[in-house]
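S.K.: Mind having a look at this structure? Questions to follow.
The values are calculated or read from the model by the stated rules, or taken from the named source; none is laboratory data. All of these numbers come straight from a predicted model, not from anything done at the bench. Positions of Cβ are backbone-derived with ideal geometry, glycine not excepted, and every protein chain shown enters the neighbour counts.
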Ligand code: C2O
């Protein structure tokens with residue numbers, strides 16, 4: 001292994017999409033940002049220079065950060081932001097992970113444009129052998145969202161009025177909306193391929209607020225990896241991917257190309273979207289077989305017949321149920337069969353009375369917040385990790401995140417609205433001893449517009465041992481858990497109006513963030529802190545803070 005160095009300049013760049021030009025926050029002037037390529041076992045050093053008059057941080061989404069919490073990146077959880085004109089070098093080692101992850105800004109909504117792929121090449125042979133040698137050197141497919149307006153304003157309005165944010169003006173593939181959007185025919189991603197080969201497609205959902213379906217016309221996709229963990233391969237006509245998730249698939253170019261049919265539409269559109277009115281628009285790109293002369297087909301473009309329609313929960317559920325850990329001798333599934341502790345938490349949107357002399361745009365003249373166990377997470381003003389590491393007694397946070405929902409909840413109950421009123425505000429963390437085998441039951445109790453919340457855990461992968469609709473039943477549901485080959489990931493789609501049970505081994509000492517990866521929900525407080533202790537003295541279990549750690 002070796003040390004890989006990267007330089008990230010966070011800077012403005014003028015970008016035009018949909019015939020709107022605006023300054024966009026970027027890394028190195030690229031939108032989407034540069035791809036990080038490393039090998040398993042490498043030490044990585046990424047120096048981030050902040051060249052704009054805004055604070056910023058960068059998070060390496062899904063990188064385990066074993067005892068290197070200082071490099072994880074969420075603002076006010078593991079570090080204070082990198083101030084204007086300053087720099088900070090993220091230093092960490094890539095341990096026992098391989099595949100596709102990604103990176104993104106972790107400050108306010110900056111990840112709308114500050115994101116890119118993080119690819120970890122394995123030092124071991126690929127554990128699958130399709131009939132053709134695998135072509136792996138094609139760029140990742142990254143989904144995103146584009147707003148014609150200033151994203152900072154979209155976010156500010158949402159926080160002020162407490163209503164759903166303005167939906168984005170386009171979904172994008174590699175920053176390009178594609179020809180179904182106004183003024184965007186030239187802004188279309190085209191991937192050239194050769195016939196008769198098998199390609200490894202690395203797919204990343206970097207959208208802010210929308211879970212997506214993705215399909216390629218006339219081609220099946222074989223899923224081999226999710227969130228940088230190998231899976232039992234399964235072939236599907238489309239995938240579902242939430243913000244935060246990554247999926248590697250094999251695609252075989254088995255069509256017979258000729259000049260009229262050698263361009264195939266690749267399309268992504270929402271499964272469910274958390275913004276209202278629902279945006280059901282579609283971003284498309286093309287897969288172009290080489291040695292054919294045709295240009296992109298003329299409109300109207302036909303969407304792949306295999307692309308599921310919006311709100312196809314049956315498809316989304318079947319897709320998720322097909323995901324299983326590989327569980328081979330080389331890549332065993334390490335799901336804890338027994339647990340030391342269970343935490344049941346609701347995840348929901350809440351209504352709050354509107355402050356007098358203000359307008360609110362939530363529902364019934366009230367405003368939205370979001371919560372876990374009716375606790376809306378308030379971001380502290382300095383970093384929790386510093387506080388924890390230096391054992392500061394500054395009441396920045398409290399370690400009393402409730403183990404169970406404070407109210408009786410009933411997903412189908414009539415008192416839904418009142419159950420979801422009056423969330424409490426605070427900075428609460430769950431603190432557990434090193435090595436705790438932990439189960440979280442995540443229960444969606446949204447009373448309005450139920451959603452498939454993508455819950456992301458920092459610093460740990462977890463196993464999705466169970467999922468279901470309606471209320472979690474502690475006496476029945478655990479009997480149906482998969483403790484043999486459950487999928488391992490860092491972001492789980494909690495079924496709409498249902499629950500997911502995840503298990504993890506809390507073996508990474510430090511302070512971590514757990515939150516919904518729909519950005520609007522994180523902003524409203526659908527988050528919690530998670531501290532893994534190792535003995536009494538954190539200074540012996542986490543590396544000391546780097547000297548260039550940004551001050552608060
Ligand atoms: Cu992808 Cu807390 O983030």
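S.K.: Applying the selection to the range 21-32, what residues are surrounded by fewer than 14 Cβ atoms within 10 Å (Cβ to Cβ) and within 14 Å of residue 145 (Cβ to Cβ)?
M.R.: None - no residue of the range 21-32 is surrounded by fewer than 14 Cβ atoms within 10 Å (Cβ to Cβ) and within 14 Å of residue 145 (Cβ to Cβ), so the list stays empty.
S.K.: When you go through 275, 256 one by one, which is the residue that is surrounded by fewer than 17 Cβ atoms within 10 Å (Cβ to Cβ), more than 16 Å from the ligand (Cβ to nearest atom) and assigned to a loop (DSSP other than H, G, I, E, B)?
M.R.: Of the residues listed, the single one that is surrounded by fewer than 17 Cβ atoms within 10 Å (Cβ to Cβ), more than 16 Å from the ligand (Cβ to nearest atom) and assigned to a loop (DSSP other than H, G, I, E, B) is 256.
S.K.: Among the listed residues 529, 466, 459, which satisfies the condition of being touching a residue at least 24 places away in the same chain (Cβ under 8 Å), in a strand (DSSP E or B) and within 24 Å of residue 332 (Cα to Cα)?
M.R.: 466
S.K.: Does any residue in the range 103-121 that is under 16 Å from residue 77 (Cα atoms) come within less than 6 Å, Cβ to Cβ, of a residue that is part of a strand (DSSP E or B) and more than 12 Å from the ligand (Cβ to nearest atom) six or more places away or on a different chain, and which pairs are these?
M.R.: Here the result reads 105/56; 107/56, each pair linking the range 103-121 to a residue that is part of a strand (DSSP E or B) and more than 12 Å from the ligand (Cβ to nearest atom).
S.K.: Oh, and also: Among 225, 211, which is closer than 23 Å to residue 111 by Cβ, within 16 Å of the ligand (Cβ to nearest atom) and in a strand (DSSP E or B)?
M.R.: 211
S.K.: So is residue 200 surrounded by fewer than 23 Cβ atoms within 10 Å (Cβ to Cβ), assigned to a strand (DSSP E or B) and either within 16 Å of the ligand (Cβ to nearest atom) or modelled with pLDDT of 95 or more (or both) or not?
M.R.: Yes, satisfied.
S.K.: Sort out which residues of the range 521-538 are farther than 18 Å from residue 443 by Cα and more than 14 Å from the ligand (Cβ to nearest atom), and write them in order of number.
M.R.: The answer is 531, 532, 533, 534, 535, 536, 537, 538.
S.K.: Could you check residue 342 against (1) at pLDDT 90 or above; (2) in a loop (DSSP other than H, G, I, E, B); (3) surrounded by fewer than 17 Cβ atoms within 10 Å (Cβ to Cβ) and say which number it fails?
M.R.: (2)
S.K.: Identify, from the list 130, 140, the residue that is within 16 Å of the ligand (Cβ to nearest atom) and over 22 Å from residue 551 (Cα atoms).
M.R.: 140
S.K.: Cβ-Cβ under 8 Å, sequence separation 6+ or interchain: first residue in the range 417-436 and modelled with pLDDT of 95 or more, partner outside any loop (DSSP other than H, G, I, E, B) and surrounded by fewer than 18 Cβ atoms within 10 Å (Cβ to Cβ). Which pairs?
M.R.: Pairs found: 426/398; 427/398; 428/398; 429/398; 432/341; 436/341.
S.K.: Restricting the search to the range 60-71, which residues are under 17 Å from residue 489 (Cα atoms) and within 14 Å of the ligand (Cβ to nearest atom)?
M.R.: 60, 61, 62, 63, 64, 65
S.K.: Being modelled with pLDDT of 95 or more and surrounded by fewer than 21 Cβ atoms within 10 Å (Cβ to Cβ) narrows it down to one residue among 85, 69; which is it?
M.R.: Every option except 85 fails the conditions.
S.K.: Can you confirm whether residue 109 is within 16 Å of the ligand (Cβ to nearest atom) and farther than 30 Å from residue 540 by Cβ?
M.R.: yes
S.K.: Still on this model: Within the range 35-58, count every residue that is touching a helix residue (DSSP H, G or I) at 6+ places or on another chain (Cβ under 8 Å) and crowded, with 23+ Cβ neighbours inside 10 Å.
M.R.: Number satisfying all stated conditions: 1.
S.K.: If you take the residues of the range 88-103 that are in contact with a helix residue (DSSP H, G or I) (Cβ under 9 Å, 6 or more places away or on another chain) and surrounded by fewer than 24 Cβ atoms within 10 Å (Cβ to Cβ), which of them is nearest to residue 165 (Cα to Cα)?
M.R.: The qualifying residue nearest to residue 165 (Cα to Cα) is 89.
S.K.: Here is a follow-up. As an exercise: evaluate residue 92 against (1) within 13 Å of the chain's Cα centre (by Cα); (2) away from the ligand (no atom under 15 Å from the Cβ) and give the number of the one condition it does not meet.
M.R.: Among (1) within 13 Å of the chain's Cα centre (by Cα); (2) away from the ligand (no atom under 15 Å from the Cβ), residue 92 violates only (1).
S.K.: Only one of 377, 319 is within 30 Å of residue 82 (Cα to Cα) and either modelled with pLDDT of 95 or more or surrounded by fewer than 21 Cβ atoms within 10 Å (Cβ to Cβ) (or both). Can you tell me which?
M.R.: Among 377, 319, only 377 is within 30 Å of residue 82 (Cα to Cα) and either modelled with pLDDT of 95 or more or surrounded by fewer than 21 Cβ atoms within 10 Å (Cβ to Cβ) (or both).
S.K.: Among the residues of the range 509-520 satisfying the criterion of being more than 12 Å from the ligand (Cβ to nearest atom) and modelled with pLDDT of 95 or more, which is surrounded by the fewest Cβ atoms within 10 Å (Cβ to Cβ)?
M.R.: 509
S.K.: Closer than 30 Å to residue 106 by Cα and within 15 Å of the ligand (Cβ to nearest atom) - does that describe any residue in the range 228-241?
M.R.: Scanning the range 228-241, I find at least one residue that is closer than 30 Å to residue 106 by Cα and within 15 Å of the ligand (Cβ to nearest atom), so the answer is yes.
S.K.: Do we have any residue at all in the range 290-309 that's assigned to a loop (DSSP other than H, G, I, E, B), over 23 Å from residue 184 (Cα atoms), at pLDDT 90 or above and in contact with a strand residue (DSSP E or B) (Cβ under 8 Å, 6 or more places away or on another chain)?
M.R.: yes
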